[in-house]
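Worksheet: the structure to be examined is printed underneath.
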Amino acid sequence: MELLTTRYAENLAGVLSCYDRIVITGTLPGACFAEGMTSFLVSRGIRIFDYPQFALPLRERVRHAAQALATEHGARIEHIAKAHVRKEDVVAKVLAARGDAPGLVHVISAMETCATYQPWHDKASGRTFLRPDTTKCLHYYFYWMDRELGLIYGACPPTVRSGCRFTATDTVGWRNECGARASTSPQPTTLLLA
């Protein structure tokens, strides 16, 4: 397969290779898929249909940790109940009021779709197991300001199956610095971002 940079080489003045965001995703290996979580419960003598009771304290721990983190940093948890409200706009207003000093900026909670498990008994095989499912659950979004990376947020749904995600977007100009170092022409006429 021919690369775009090869196909259009005569029309390109330069190529920038730089990130517009950095995304780090974490999961719990062994618990982030239905068979693994089923094995985990069975190995600890927990009945499959007791999964909701098993998961409840984990959800509460996430909720308490979110509240403790917000309190420790003098931030508050703001619940957004309407889908049309953009989290980025809410955080921009908070940043306008507090400034861009490093630290926890804001915590947002919102009911959103999340991956979970449903206990299931297959009458044909006689097996009881967890199967993948989706539901609505309360997600927490933690927004930090970092000196080097700018605005970072962590998304944390309080379910075992859903992993946490941390994203850094360019709010302090690191993309510009990367582009300045990577540019091969002082005045490119066509720019291809790779």
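The values are calculated or read from the model by the stated rules, or taken from the named source; none is laboratory data. Fair warning: this is a prediction, and the values are worked out from it, not measured in the lab. So basically every Cβ, Gly included, is an ideal-geometry build from the backbone, and we count neighbours across all protein chains shown.
Per-structure values
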| read-out | value |
| --- | --- |
| Odd one out for residue 112 among (1) in contact (Cβ under 8 Å) with a residue 40 or more places away in the chain; (2) part of a helix (DSSP H, G or I) | (2) |
| Selection from the stretch 23-50 of residues that are closer than 30 Å to residue 152 by Cα, surrounded by fewer than 12 Cβ atoms within 10 Å (Cβ to Cβ) and among the polar types (S, T, N, Q) | 25 |
| Long-range neighbours under 7 Å by Cβ, at least six apart or interchain, first residue modelled with pLDDT under 95 within the stretch 30-46, second in a loop (DSSP other than H, G, I, E, B) and of a type in the set (A, V, I, L, M) | 31/160; 37/31; 37/160; 40/31 |
| Residues (at pLDDT below 55 and in contact with a helix residue (DSSP H, G or I) (Cβ under 9 Å, 6 or more places away or on another chain)) located in the stretch 135-190 | 189, 190 |
| In the stretch 133-161, residue surrounded by the fewest Cβ atoms within 10 Å (Cβ to Cβ) [restricted to those that are in contact (Cβ under 8 Å) with a residue 60 or more places away in the chain and more than 17 Å from residue 90 (Cα to Cα)] | 149 |
| Every residue from the stretch 7-29 that is touching a residue at least 60 places away in the same chain (Cβ under 8 Å), in a loop (DSSP other than H, G, I, E, B) and either over 25 Å from the mean Cα position of the chain (by Cα) or more than 13 Å from residue 117 (Cβ to Cβ) (or both) | 8, 12, 13, 17, 18, 19, 20, 27 |
| Within the stretch 120-132, considering residues that are over 14 Å from residue 35 (Cβ atoms) and either surrounded by 11 or more Cβ atoms within 10 Å (Cβ to Cβ) or charged (D, E, K, R) (or both), the one nearest to the chain's Cα centre (by Cα) | 121 |
| Check on residue 70, among the small types (Gly, Ala, Ser), over 30 Å from residue 131 (Cβ atoms), at pLDDT 90 or above and surrounded by 16 or more Cβ atoms within 10 Å (Cβ to Cβ) | yes |
| Residue match in the stretch 42-63 (condition: among the hydrophobic types (A, V, I, L, M, F, W, C) and not in a helix (DSSP H, G or I)) | yes |
| Subset of the stretch 5-18 (residues that are among the aliphatic types (A, V, I, L, M) and modelled with pLDDT of 80 or more) | 9, 12 |
| Unmet criterion (only one of (1) closer than 13 Å to residue 153 by Cβ; (2) in contact with a strand residue (DSSP E or B) (Cβ under 6 Å, 6 or more places away or on another chain); (3) of a type in the set (Val, Ile, Thr)) for residue 77 | (1) |
